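A short write-up of the structure that comes next.
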Amino acid sequence: MSFLSKILIFIIFINLYSCAKKDEKISIVEEKSLEIQMIDAYNQGLEELKKNDVIYAARKFNEAELIYPQSIWAPRAALMAAYAYFSQLYYDDTIIELEKFLQKYKNHPRRDYAYYLLALSHYNLIVDETKDLEEILKAEEYFKIVLKNYPNTEFAIDSEFKLELIQEILASKEMYLARYYVDREKWIPAINRFKTVINDYETTIYVEEALHRLVELHFKLGLIDEAKKYASLLGYNYQSSEWYEESYKILNKNYVKTANKGNSEKEQSILQKFKDLLK
């Protein structure tokens, strides 16, 4: 074998050895399992969350979910992305993440938490009850889901309380619209709004005033029997209410509020006076 041939063989051997080393390095990188890569991304998300860099944290959680979507860590990462956004009041982003989670993981055991966080996000987006009706209704929808499907969870009690507050908000919106119509002397739309309050939001603080306004408006329109009907309802349920007293004054023009006229008059309630009036 010539010297030149030996040199050529040596060069080829060196090239093959180099390629083998490169392949070995590549194979070492590829041997890192998807689960380990996912856990690394998840832990990076936790670290960034501790630093309050929620945008980057959420991205790392999303990355963790995408690396190994079949893993039990994937839905956890999705929920953590939503929580990261929620923790810094990014409610719109929270909603997007939770809607994706609920669509993708239909049998996950923490759907109760997802629905609750989704309801809270919509609830916290309510700024003005006269304008934010969509957010109000969405929050109500999801709190009802929590209460119906997960009644024994830690989220059910707060959901019930929030639903009561939402009822107050919706009643407040109806009262706002009713007063708007009254100010413009649109009596029938105003009456319909006040009726909605007493029919749909009967447990709220606005029912007494709504009943009084129905007395007031029906009397103004000459519908005395209707006015008496609502006044009777107001008296039966809220006989000590100032709104009841105002309604009584509308129907009894001779009414004069007095005090200290003797024990017998003290014992006579406004409710009894109203019953006498309606005989």
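Bear in mind these aren't lab numbers, they're just calculated from the coordinates by the rules spelled out. Treat the numbers as computed from the prediction; the structure is a model and nothing was measured. Because the Cβ atoms are built from the backbone with ideal geometry, glycine has one as well, and the counts that use them run over all protein chains shown.
Odds and ends about this structure:
- Distance in nm between pseudo-label sites at residue 43 and residue 158 (7 Å out along the Cβ direction from Cα): 3.0
- Taking label points 7 Å from Cα along the Cα-to-Cβ direction, residue 192 and residue 56 give a separation of 5.6 nm.
- Distance (nanometres) between label positions extended 7 Å along Cα→Cβ at residue 110 and residue 165: 2.4
- For the pair residue 148 and residue 223 in one chain, pulling the backbone fully straight at 0.36 nm per residue adds 22.7 nm over the alpha carbon distance.
- Calculated FRET value between residue 33 and residue 250, using beta carbons and R₀ = 45 Å, to 0.05: 0.05
- Straightening the chain between residue 133 and residue 70 buys 18.8 nm, computed as 0.36 nm per residue apart minus the Cα-Cα spacing.
- Model label zone, residue 124; criterion: amide N under 19 Å from point 7 Å along Cα-to-beta-carbon; scope the stretch 134-155: 134-144, 146, 154-155
- Residue pairs, from the table 50/100; 144/195; 50/104; 148/173; 195/229; 51/100, whose Cα atoms sit over 20 Å apart: 50/100; 144/195; 50/104; 148/173; 51/100
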